[in-house]
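Report on one structure; see the data block that follows.
Nothing in this text is a laboratory measurement; each read-out follows from the coordinates by a stated rule. All values reported here derive from a predicted model rather than from experimental measurement. A quick note on method: Cβ atoms are made from the backbone with ideal geometry, for glycine too, and the neighbour counts reach across all protein chains shown.
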Amino acid sequence: MIPPLDGIIRVTDVFGTARGTYSHGGIDLGLTNDYVHRKPIRSPEAAEVVAIFDGGYPYGNAVAIKGASGVWRFMHMDEPPPVAVGQTVPAGGVLGLVGSTGNSTGPHLHMDVAPEGEIYDFKISGERVDPLKLYADAYATAVGYDSEVFRSQITMESGWDPNISSFADAEGVAQIIPRWHPAMRGKTFDPFASLDYAANLMAAHIAFRDGDYREALADYNTGRNSSGDFRNEGYHYAEIILRGKDVMATTSELELLRADRDRNHAQKLGALHHLGVTIELLNRIDPSAFASDEDRAAHDDAQKYYHDPK
Ligand SMILES: [Zn+2]
């Protein structure tokens, strides 16, 4: 899924903020290192344009699209969008330019999404969800990490607040510590970059731990080399996230699988050793000791492979 803006994104108002008579049904976005005014707005996914709003109150110049994840709206554009109803747009296709038309106090992008939504008079029916959750689902799914566990993990990390910091210098929606993750320096408060990075990091931990989510989550929380009481904090974190979820073999099943793998490995090494000893012994036998030409031919044949394994 493509972030809606190029550059380092910041969330200027989160999903669900109380606004008098209603709660904010989407997220408001700007950029960290650049003015956002007239920057291109990109479609998160391949979609069909289903509605356009005419520039007036409250949405300003705005566009609604329908893709696999639901109905999305993008509002307060600087000018009428360069797309028409019925047109399809690819993932990353430009839907318009950021502006401040309609009920807006300064240039920003408002985006919202309803997974089961429909559009009527530019109103959206169906429950709207935090768009960051759909991005999290997409990033997790793309790397083979269970999206339900990832949502639970992000809830545990930040409660989906992209702007929080912890006393331990963990920053943003995925609580990344920039000191340990130099690639994320300056980007930890960009929830799109952070969620993508965190999903990939978890996929690496899961692969490293042979699919063991409990170990992988503990790695995310306390580091791969943690031990003792500190490691136990990681397990506690993992158990809260995994509670009620059936996403991995149980620890005892994984231990059995690993024991089986190690046993198979030991048996293969044993068989190879035995084969080597047998060949050594055969080489020491005087060819005249063989009872038949057939046995001698078999011995010559075996020696060929022994001396030239290729
Ligand atoms: Zn908004």
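Helix-only estimate, please: 222 nm mean residue ellipticity of the chain, summing -39500 (n - 2.57) across DSSP H runs of length 4 or more and dividing by its residues, to the nearest 500.
It comes out at -12500 deg cm²/dmol, rounded to the nearest 500.
How large is ³J(HN,Hα) for each residue in the range 90-101, as worked out from phi by the Karplus curve 6.51 cos²θ - 1.76 cosθ + 1.60 (θ = phi - 60°), to whole Hz, x for Gly and Pro?
Result, rounded to whole Hz: x, 4, x, x, 7, 9, x, 10, 4, x, 9, 7.
Please list log₁₀ I(q)/I(0) at q = 0.09, 0.11, 0.16 Å⁻¹ for the range 97-240, using the Debye equation with identical point scatterers on the alpha-carbon positions.
-0.34, -0.49, -0.89
Based on the inverse mean of 1/r over its pairs of different Cα atoms, what is the Kirkwood hydrodynamic radius of the range 253-307, in Å?
One decimal place: 13.5 Å for the Kirkwood radius.
Enumerate the aspartates and glutamates that residue 304 could reach by cross-link, defined here as Cα to Cα under 15 Å, with residues fewer than 8 away along the same chain left out.
The qualifying aspartates and glutamates are 280, 295.
If only Cα atoms are counted, what is the Rg of the chain, and what is its Dmax, in Å?
My reading of the Cα-based Rg and Dmax gives 29.2, 103 Å.
For residue 8, which sequence-distant residues (separation of 5 or more, or a different chain) have an amide H within less than 5 Å of its own amide H, given hydrogens modelled in the peptide plane?
Result for residue 8 returns 32, 33.
If you split all Cα-Cα distances of the range 9-129 into 5 Å bins from zero, what percentages do you get per bin, shortest first?
2, 12, 22, 27, 23, 11, 3, 0
Using the Kyte-Doolittle scale, which helices in the chain average at least 0.0 and also have C-alpha atoms spread 24 Å or more along the helix axis, with helices defined as whole DSSP H runs?
191-208
Would you mind checking which residues have amide H under 5 Å from residue 169's amide H? H placed 1.01 Å from N; only 5 or more apart, or other chain.
none
Of 141, 7, 192, which is farthest on the positive side of the dipole of the chain, counting Cα position, with +1 on Lys and Arg Cβ, -1 on Asp and Glu Cβ, and the Cα centre as origin?
The one lying farthest along the dipole's positive direction is 7.
Anything over 29 Å Cα to Cα? Flag those among 123/187; 39/66; 133/187, in the order listed.
Going by Cα-Cα distance, 123/187 fall outside the 29 Å limit.
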